[in-house]
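Below you'll find the structure, written out as structure tokens, and then a few comments.
Throughout, read-outs are computed from the coordinates displayed, never taken from laboratory work. Since the model is a prediction, treat every value here as computed from it, not as a measurement. Backbone-built Cβ (ideal geometry, glycine too); neighbour counts: all protein chains shown.
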Amino acid sequence: MNHPIEHWINGRAVPGTSGRTLPVLNPATGRERARVALAAPADVDAAVAAAAAAFESWSESSLARRAQVLFAFRELLARHEEELARIISAEHGKTVADARGEIVRGREVVEFACGLGDVLRGGFSDQVSRGVDVHGFRQPLGVVAGITPFNFPVMVPLWMHPIAIATGNTFVLKPSERDPSAANVVADLYRQAGLPDGVFNVVHGDKEAVDALLTHDDVAAVSFVGSTPVAEYVHATAVAHGKRVQALGGAKNHAVVLPDADLEFAADHITAGAYGSAGERCMAVSVAVAVGGSAGGLVEVLARKAREVKVGPGDAPGTEMGPLITHAARQRVEGAVATAAAQGATVVVDGRGPKVGDAHPECADGFFTGPCLLDHVTAEMDAYKDELFGPVLAVVRVDTLDEAIALINANPYGNGTALFTDSGAAAREFQRRVHVGMIGVNVPVPVPMSYYSFGGWKDSLIGDSPVHGPEGIRFYTRPKVVTTRWPRRAAAPAAAGFTFPTSH
Ligand code: NAD
């Protein structure tokens, strides 16, 4: 590629003004595949100005017109699925099949947004007082910004912009600088779908671009998904600048296995949940909690399955797990395994330093590390406390379901959790008592459908608003309530009084 990946402002690609760029690497080869422009505050100003100008007419467009654009966008997303999946795989490293999965799950949010006529329907109360009616409806906020992480370059932005746009807002996306290309493809699909220029904009960049968005007078709301420290910073800064904020953070997800569970089934699903996408999912299973008699058998089956995972480049047939996002991420994850061993954990499967280059010579310098399985991990160890965001599964052994619930509730994160059991009573107990936002019963990665909302508890969500579903509609709109009277002269309406009005 000759020129850097550009911003997308007011319906076209623009180079930006900063002159700063960053390499975009293919994690499977370690080689640079492109460079991305990093926005200066002036570029953010241009994107916000385009979005503010577009808001004037987009917020006035009919629901039918908005639905038409979203339906067309949904069709284009489906038609370009393969192209997008290959771009994701080349910049993120995940398998092409996994990338297709994230596009499908993101597209479901567009499908939800296509029903905007239904979800935006207001309420009406007849005759709240004699001759007086009340109705309520919701209106868009204005220009809203989305700041998103590297691990789902298409799906996570799709949690945000279809809902924001359906409800009449205009959008500025700041995608991850590590895998930025897909955002521009999505922007062009919106253009092809008939979305007016300026309604959807992309600024690429780093902290400088983020700060410009967080402090911009014309940005009404900020949606953020990423690590917890950055989520806290984004939330505090944007709130201090008067914005509405939703900020989803990191995770440490526990899968609890009771002795009555089918161990082969549980281990199969925990393996996929732990090592899929090289563990770089906010809903990845990173801790298996073996209860009572399940521990020995569970670790044995988990070890066998971890050794069977096929590690390789994401676009090679048969690959189940690709590389990590950067060389630094690989070093961090491999260092964490060494620290776990030093702190007393048993390294049952050591996937560090896989020889991917033997079968794929072009991948000799890729950022691969294989599945790692740690046993006898305790809540005091760093491997338990830190979000490793890599293919490391830590087994913690406890005696009872009560202990498992106490462990999960003491953990600062509360994104997702799963229980493997044959007992409905245990499952009910678990889901009622656990302090976690998204729960799976015999489902390892319980990502809610688009018509429910997605979001964790505790340090996994800063502020109070999850994304998409009904909460997404609420976040991107604000309510109005209108009280109406149509006095008829002949009927001698009640005279105005000086006391506070009460219904009668
Ligand atoms: P990150 O926090 O490093 O980056 C997220 C975004 O913030 C990027 O666009 C980045 O450019 C920007 N950013 C990074 N540092 C910044 C700073 N100091 N100031 C301002 N902006 C900054 O996250 P990541 O490494 O891209 O993604 C992985 C993290 O995201 C993990 O912690 C994962 O759990 C989390 N995540 C959470 C969810 C969820 O739903 N809770 C979903 C996906 C990912």
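Expressed as a rounded percentage, what relative contact order does the chain have, with Cα pairs under 8 Å and six or more residues apart? Computed over the chain, the figure is 18 percent. When the Cα positions of GLY276, THR237, ALA247 are compared along the charge dipole of the range 231-288, THR237 comes out farthest toward the positive end, with charges on each C-beta of Lys, Arg, Asp and Glu.
Rounded to the nearest 10 degrees, the angle from helix 401-410 to the longest Cα principal axis of the chain is 60 degrees. Look at where the Cα atoms of the range 197-211 and of the range 109-126 average out, and the two centres are 29 Å apart.
Relative to the longest principal axis of the Cα atoms of the chain, the long axis of helix 263-275 makes an angle of roughly 70 degrees.
The phi torsions of the range 52-69, fed into the Karplus equation with coefficients 6.51, -1.76 and 1.60 and a -60° offset, translate into couplings of 5, 5, 5, 4, 3, 8, 5, 5, 9, 5, 6, 4, 4, 5, 4, 4, 4, 5 Hz, rounded to whole numbers, with Gly and Pro shown as x.
DSSP beta bridges confined to the chain are antiparallel in about 45 percent of cases.
Counting Lys and Arg as +1 and Asp and Glu as -1, each charge on the Cβ, what is the dipole of the range 253-441 about the Cα centre in debye, to the nearest 20?
Value, rounded to 20: 220 debye.
Using Cβ point charges alone (K and R +1, D and E -1), the dipole size of the range 372-436 about the Cα centre works out to roughly 280 debye.
Each residue of the range 93-107 was assigned a 3J(HN,Hα) from its phi angle through the Karplus curve 6.51 cos²θ - 1.76 cosθ + 1.60 (θ = phi - 60°); the sequence is x, 5, 5, 4, 5, 5, 5, 4, x, 5, 5, 4, 5, x, 4 Hz, with glycine and proline shown as x. Rounded, prolate or oblate: pick one for the range 104-196, where a ≥ b ≥ c are the square roots of the eigenvalues of its C-alpha gyration tensor, a/c under 1.5 means rounded, and failing that, prolate if a/b is larger than b/c, else oblate. Prolate. Checking every one of the GluC sites (Glu not before Pro) in the range 280-389 against DSSP loop status and a limit of 10 other Cβ atoms within 10 Å picks out GLU380. Shape class for the range 253-441: prolate, because the ratio a/c of the largest to smallest gyration tensor axis (alpha-carbon atoms, square roots of eigenvalues) is 1.5 or more and a/b beats b/c. Of interest is the spacing of the C-alpha centroids, which for the range 402-478 and the range 341-358 amounts to 31 Å. Annotation: the antiparallel percentage among DSSP beta bridges lying fully within the range 253-441 is about 10.
Every helix of 4 or more DSSP H residues in the chain counts as -39500 (n - 2.57), and over all residues that averages to -11500 deg cm²/dmol at 222 nm. Its Cα centre serving as origin, the chain has a Cβ charge dipole (Lys and Arg +1, Asp and Glu -1) of approximately 1620 debye.
Residues whose amide H comes within less than 5 Å of that of PHE420, counting only those at least five positions distant or on another chain, are VAL256, VAL257, LEU258, ASN442 (H built at 1.01 Å from N in the peptide plane). Placing unit charges on each Cβ (+1 for Lys and Arg, -1 for Asp and Glu) gives the chain a dipole about its Cα centre, and among MET381, TYR190, THR167 the Cα reaching farthest toward its positive end belongs to THR167.
Oblate is the label for the chain, because the ratio a/c of its alpha-carbon gyration tensor axes (a ≥ b ≥ c) is 1.5 or higher and a/b is not greater than b/c. With respect to the chain, whose longest principal axis is taken over its alpha-carbon atoms, helix 327-342 is tilted by about 60°.
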